[in-house]
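The block underneath contains the structure these notes are about, expressed in structure tokens.
The values are calculated or read from the model by the stated rules, or taken from the named source; none is laboratory data. Quick caveat: nothing in here was measured; it's all calculated off a predicted structure. Every residue, glycine as well, gets a Cβ built from its backbone with ideal geometry; the counts of neighbours run over all protein chains shown. All accessible areas refer to the heavy atoms of the entire protein, side chains included, with ligands and DNA or RNA removed. Shrake-Rupley method; radii C 1.70, N 1.55, O 1.52, S 1.80 Å.
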Amino acid sequence: MPELPEVEVVTRSLKKTVKNRKIIKIIVNNRNLRFKLQKNFKQILKNKIVKDIKRKSKYIIFDFGNHFYTILHLGMSGTLHIPSKKKVTNLSFYNNPNMPKKHNHVIIFFDKINLVYNDPRRFGYFKVIKNKHDFDNYFTRIGPEALDKEFNLKYLKNKIKYRKKNIKNFLLDQKIVSGIGNIYANEILYKSQISPMRSVGKLSSTELYKIIKFSRTTLKEAIKFGGSSIKDFKSVSGGGGNFQTKFNVYNRENQRCTKSKCKGIIKKSYISNRSTFICNLCQI
DNA sequence: CCGTTAACCTGAGAGC
DNA sequence: TGCTCTCAGGTTAACG
């Protein structure tokens, strides 16, 4: 489900809702997430106070102070929500309305507020980290995120050397640049007017610069619109984002290119089993 | 080292 | 109505 903008939106709402709150208790209904939840997960987090909430690419970080953290990755279908007594918030694409609590795997009880982790496909996971070394080490596996200054022309030029990978898979490779997923890779390449099939080694500096620029602007704009809600993305309070109304190519198969004067039709294909949308006339 | 594929999961929607 | 099949916003082990 979530790429950088959606995770950012969730992180911002967590800052407003659970920051500085104390965990009273935790209920674990299903430990079998992508990685099995450690046995003492409940005990180890009990009575901890959330000092801060941070985000690193697609990871949400609960910072408890003293280099004690819990990292959460939402996978494809993970959502966090705070149930309200007034309205039903858990009605995502994947949830059977008759059994809305079926995939509520972890419930964190704060004073006054409960935070529910729901994840039908269970590709998401929590990881508890207890020291600075492990924390820093955890993120060495991923490259700079697309909004970082480190993700610049010099960095990119160095990374593409001697490589034949196509630009779409390159943008999706979190070791190269982190935070971009399938929706935004499609949108960024459309705005850059570059075909997703192009080999990275053959891209010009101008083209690389466009990719960097549009990565930043596209992700930032998506954040401004509250992320993209295709099927089940919801913010913590239950509202969806609106960036899907801004899509130029994603999910727009057989529709007209959004650029005025362009007669192109958006075509769908697959690259490494991921759906890929392009305007044949705009993207070369 | 590099690039690609399969696998991990559940459920909605399409087609028959 | 119901069955089967495909697809979904992510990651990564395993393979050639």
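Selection within region A:213-257: residues that are open to solvent by less than 60 Å² (accessible area, probe 1.4 Å) and within 16 Å of DNA strand B (Cβ to nearest atom). The member of this set that is modelled with the lowest pLDDT is A:D232. Give the number of residues within region A:258-279 that are within 16 Å of DNA strand B (Cβ to nearest atom) and of a type outside the set (V, I, T). Matching residues across region A:258-279 total 7.
For the subset of region A:131-162 comprising residues that are outside any helix (DSSP H, G or I) and in contact with a Leu (Cβ under 7 Å, 6 or more places away or on another chain), which member is farthest from DNA strand B (Cβ to nearest atom)? The selected residue is A:L147. If you go through region A:3-23 and keep only what is closer than 18 Å to A:L45 by Cα and open to solvent by less than 10 Å² (accessible area, probe 1.4 Å), you end up with A:L14, A:V18, A:I23. Screening A:T276 on (1) part of a strand (DSSP E or B); (2) open to solvent by 30 Å² or more (accessible area, probe 1.4 Å); (3) not small (G, A, S) shows it passes everything except condition (2).
Hey, any hits in region A:177-191 for a residue that's over 19 Å from the mean Cα position of the chain (by Cα) and assigned to a helix (DSSP H, G or I)?
Yes, region A:177-191 contains a residue that is over 19 Å from the mean Cα position of the chain (by Cα) and assigned to a helix (DSSP H, G or I).
Annotation: A:K210 fulfils all but one of (1) crowded, with 20+ Cβ neighbours inside 10 Å; (2) more than 12 Å from DNA strand B (Cβ to nearest atom); (3) at pLDDT 95 or above; the unmet one is (1).
Looking across A:N169, A:N182, A:N152, one residue alone is more than 25 Å from A:N273 (Cβ to Cβ) and open to solvent by 10 Å² or more (accessible area, probe 1.4 Å). It is A:N152.
For region A:137-158, how many residues meet the condition of being away from DNA strand C (no atom under 16 Å from the Cβ) and free of Cβ contacts under 8 Å to residues at least 24 places away in the same chain?
5
Checking each residue in region A:1-29 for being within 14 Å of DNA strand C (Cβ to nearest atom) and part of a loop (DSSP other than H, G, I, E, B) picks out A:M1, A:P2, A:E3.
Summed over region A:226-268, residues that are within 10 Å of DNA strand C (Cβ to nearest atom) and outside any loop (DSSP other than H, G, I, E, B) total 3.
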